[in-house]
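I have placed the structure first, in the form of structure tokens, so that the comments after it can refer back to it.
We did not get these values from a lab; they are worked out from the coordinates using the rules stated. What you see is a predicted model; the values in this text were computed from it and never measured. Every residue, glycine among them, receives a Cβ derived from its backbone with ideal geometry; neighbour counts consider all protein chains shown.
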Amino acid sequence: MKRFRFPLRSVAVLRGHFELKAREAFAASVHAYVLAEERLATVRTHVAELEEILFQGRRDRFGAAEAAAFFRAYRTERATELEAERAVIAARAEMADRRAAYLEAHRKVRVLDRLEEKARTLHRRAAERAEQAELDEMAAFRSARRSPVFSL
């Protein structure tokens, strides 16, 4: 019997490469999302510190120049926080897109794996049938040699 050869092997190899690229892109987007979350946490910590400074300044004596400077810094940090939140939202959306692309590529690879598995099973069964047919033929030949077909 001939060796098994899967006719879609080249397609499977290409889909494997596409899956690998999709997985790497998904990993990069997860990394970008984590960095964006960390940046947002840092900015929020800084905003909380500025809020504390502003509220602490209102308890003690009030300096208009200092309060104005801190308020400007607070507004700048709040704008930075909004930008960081938008970056997190964009990174999350990108991560979801990359995840969907990876899952689709993985699904395509699994489809070809199942097709190859079925083809291997069919090939194996055909080989087993051919082997059994050979064994039956040999047994029939030996049996025919031992006893005569016609008796006198």
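Key figures for this structure:
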| item | result |
| --- | --- |
| Simple Cβ-charge dipole of segment 81-152, Lys/Arg +1 and Asp/Glu -1, about Cα centre, in debye nearest 20 | 520 |
| Cα-projected label distance for LEU14 with THR121, points at 7 Å along beta-carbon direction, nm | 2.7 |
| For HIS46, net neighbour charge (Lys/Arg +1, Asp/Glu -1) across residues whose Cβ lies under 12 Å away | -2 |
| Residue-span extension gain [GLU137 to ALA73] - 0.36 nm each, minus C-alpha spacing | 13.6 nm |
| The chain - charge dipole about Cα centre, Lys and Arg +1 at Cβ, Asp and Glu -1, debye rounded to 20 | 1180 |
| Nearest-ten-degree value, helix 64-146 long axis tilted from longest Cα axis of the chain | 0 |
| Farthest positive-ward along the chain dipole, Cα basis, beta-carbon charges - from ALA144, ALA130, LEU50 | ALA144 |
| Acute angle (nearest 10 degrees) that the helix 9-59 long axis makes with the longest principal axis of the chain, alpha-carbon atoms | 20 |
| Cβ-derived FRET efficiency at R0 25 Å, LEU82 paired with GLU49, nearest 0.05 | 0.90 |
| Dipole of the chain [Lys/Arg +1, Asp/Glu -1 at C-beta], most positive-end residue of PHE6, ALA87, VAL109 | PHE6 |
